[in-house]
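The values are calculated or read from the model by the stated rules, or taken from the named source; none is laboratory data. Just so it is clear, the model here is predicted, and its values are computed rather than measured. Methodologically, a virtual Cβ is constructed for each residue, glycine included, from the backbone with ideal geometry; neighbour enumeration extends over all protein chains shown. Just the protein is used for accessible areas: all its heavy atoms, side chains included, with ligands, DNA and RNA removed. Shrake-Rupley method; radii C 1.70, N 1.55, O 1.52, S 1.80 Å.
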Amino acid sequence: MNQQRTTNNHLLVTGGAGFIGSNFVHYWLNEHPEDAVVVLDALTYAGNLDNLKELESNPNFHFSQGNITDRALVDRLLRDYQINTIAHFAAESHVDRSILAPDAFIQTNVIGTFTLLEAFRNYYPQLEGNGRFLHVSTDEVYGTLEPDDPPFRETTPYAPNSPYSASKAGSDHLVRAYYHTYELPTLITNCSNNYGPYHYPEKLIPLMCINILLGKPLPVYGDGQNVRDWLYVLDHCRALDTVIRKGKPGETYNIGGNNEVKNIDLVRMLCDLMDELAPSLPVSPAQELITFVKDRPGHDRRYAIDADKIKTELGWQPSVTVEEGLRQTVSWYLENRHWWEPLLSEEYQAYYQQVYQTSA
Ligand code: NAD
Ligand code: DAU
């Protein structure tokens, strides 16, 4: 990146080689081509430079491989690139992995967020009031809903149920405290389940798409009646842009897709779309592959977001229905086999074996 260039915003995007972070970087440089974006990513199993390949020649894009717990590195990036906005996505993000091995979740999600906050606290005075620290969090911090409960609001008490959601809750509390104690201009967003391009295969939607294409069983946890509120990732990126530009420091904004679907219905929709869009499938109709498997321990029954605050105060609302978004996503997995095939690595096979007691 040319550091002499005059730009509007200089963003540090942590976790920018992951699923949502990479979609956000593409989105941002498309919408704000004069801005500069620095990605800081440790390239864990979930980070993938292929997600950012098209940006390699963009002079306003810079990639730094490193850990958010490395204070000296964070200090250097803030200073060298004159960062005025931190968009913090980096996290261990998969609930099933947090059940198998919670340590990394505490290190990255809690200690990593703390490290970024401390670095920003030290650096912020030189920004003369123009900085922003956006913390991207999850609706899982609110716990689980009964079928007739109202959706999560920003005022819903925290009740995290997995090591993952507990670590995200811890990080949210730190971010909130840094606004109240040190008057840092922090913003928190809590969003529902994202889906779309560059989604790592371990998560429900890409896992089902890939298994259908490979003719492998489609493992549905428990009775398949758990509900998630699906948010198309580009709608999420638009929401984060809105919060960075118009959000009020110290506030939390819930972001949801207004698309509540039971897991089993979602898997059936994916099967039907694959039957329609794939030129040929190893097993067809794909619904024959659906297999009910042992439930996830502590599996939250239902998530749903009330996104009224961001809608009324900042003017954002989701634009993609789950039917449209799933069609686009299925098409993307069909057209981008070269992206997902290398991800079915030895590490992934070992993980899959541990969770599903069968090979991927
Ligand atoms: P992801 O797992 O796809 O990507 C995480 C990225 O962070 C990877 O590129 C990884 O290499 C990087 N990373 C991990 N540990 C790091 C460390 N210590 N230092 C630097 N980089 C590190 O995650 P995602 O699904 O894109 O989620 C992004 C953020 O959004 C997370 O904070 C997650 O909690 C939150 N979120 C995700 C969803 C969802 O549906 N995926 C929903 C709500 C909130
Ligand atoms: O709600 C936001 C959260 O959404 C984010 O904070 C997390 O980072 C993200 O991973 C996601 O968490 P979930 O646990 O909801 O997503 P996952 O894709 O793992 O599972 C979605 C649902 O599908 C959940 O009810 C579990 C179920 N499931 C998942 C897998 C991987 C299955 O039935 N079978 C599976 O093989």
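Taking a spot 7 Å from the Cα of Lys248 along the direction of its beta carbon, which residues of region 170-188 have an amide N less than 11 Å from it?
none
For Cα pairs less than 8 Å apart in space and 6+ apart in sequence, what is the mean separation divided by the residue count of region 15-138, i.e. the relative contact order in percent?
Relative contact order, region 15-138: 26 percent.
Assign unit charges at the C-beta atoms only (+1 for Lys and Arg, -1 for Asp and Glu), then state the dipole size of region 196-241 relative to its Cα centre in Debye, rounded to the nearest 20.
For this selection, approximately 140 debye.
What list of ³J(HN,Hα) couplings, whole Hz, do you get for region 150-158 from phi and the Karplus terms 6.51, -1.76, 1.60, once you set θ to phi - 60° and write x for glycine and proline?
Listing the rounded values in order: x, x, 4, 10, 5, 8, 4, x, 6 Hz.
Quickly rank 15-21, 337-343, 196-202 as a protection proxy: mean count of other C-beta atoms within 10 Å, highest first.
In decreasing order of mean packing, 15-21, 337-343, 196-202 become 15-21, 196-202, 337-343.
Can you pull a Stokes-Einstein diffusion coefficient for region 198-241 at 20 °C (1.002 mPa s), Rh from Kirkwood over Cα pairs, as a whole number of µm²/s?
173 µm²/s
What share of all Cα pairs of region 44-198, in percent, falls into each consecutive 10 Å distance bin?
Spelled out bin by bin, region 44-198 gives 9, 35, 36, 17, 3, 0 percent.
For Phe152, enumerate residues with amide H under 5 Å from its amide H, sequence gap 5+ or separate chain, H modeled in the peptide plane.
Residues meeting the criterion, in which the H sits 1.01 Å from N, are Ala304, Ile305, Asp306.
Of the accessible area of region 219-349, with the probe set at 1.4 angstrom, what percent is carbon plus sulfur?
47 percent
Against the longest alpha carbon principal axis of the chain, how many degrees, from 0 to 90 and to the nearest 10, is the axis of helix 163-182 turned?
Roughly 20 degrees, rounded to the nearest 10.
Would you mind counting up the charge near Thr108? Only other residues with Cβ under 13 Å from its Cβ, with Lys and Arg at +1 and Asp and Glu at -1.
-2
What FRET efficiency comes out for the pair Leu214/Arg176, r = Cβ-Cβ distance, R0 = 30 Å, nearest 0.05?
0.10
Can you pull the percent of Cα pairs in the chain with separation above 29 Å?
38 percent
Can you list residues from other chains, or at least 5 along the same chain, whose modelled amide H is less than 5 Å from the amide H of Cys191?
Answer set, sorted by chain and number: Ser137, Thr138, Asp139, Ile255.
When the convex hull of the C-alpha atoms of region 116-257 is computed, what volume per residue in Å³ does it have?
It is 135 Å³ per residue.
On a 0 to 90° scale, report how tilted helix 233-246 is relative to the longest principal axis of the chain, with both axes built from alpha carbons and the result rounded to the nearest 10.
Long axis of 233-246 versus the principal axis of the chain: about 20 degrees.
Counting only heavy atoms of the protein chains, get the accessible area per residue of region 55-207 (1.4 Å probe) and round it to a whole Å² value.
Result: 40 Å² per residue.
What does the charge count near Glu146 come to, summing +1 for each Lys or Arg and -1 for each Asp or Glu among other residues with Cβ under 9 Å from its Cβ?
After counting each charged neighbour, the total is 0.
With r defined as the distance between the Cβ atoms of Arg121 and Glu34 and R0 fixed at 35 Å, what FRET efficiency is calculated, to the nearest 0.05?
E(calc), rounded to 0.05, equals 0.80.
Quote the accessible area belonging to Tyr348 in square angstrom, nearest 10, computed with a 1.4 Å probe and with ligands, DNA and RNA left uncounted.
Looks like 10 Å² after rounding.
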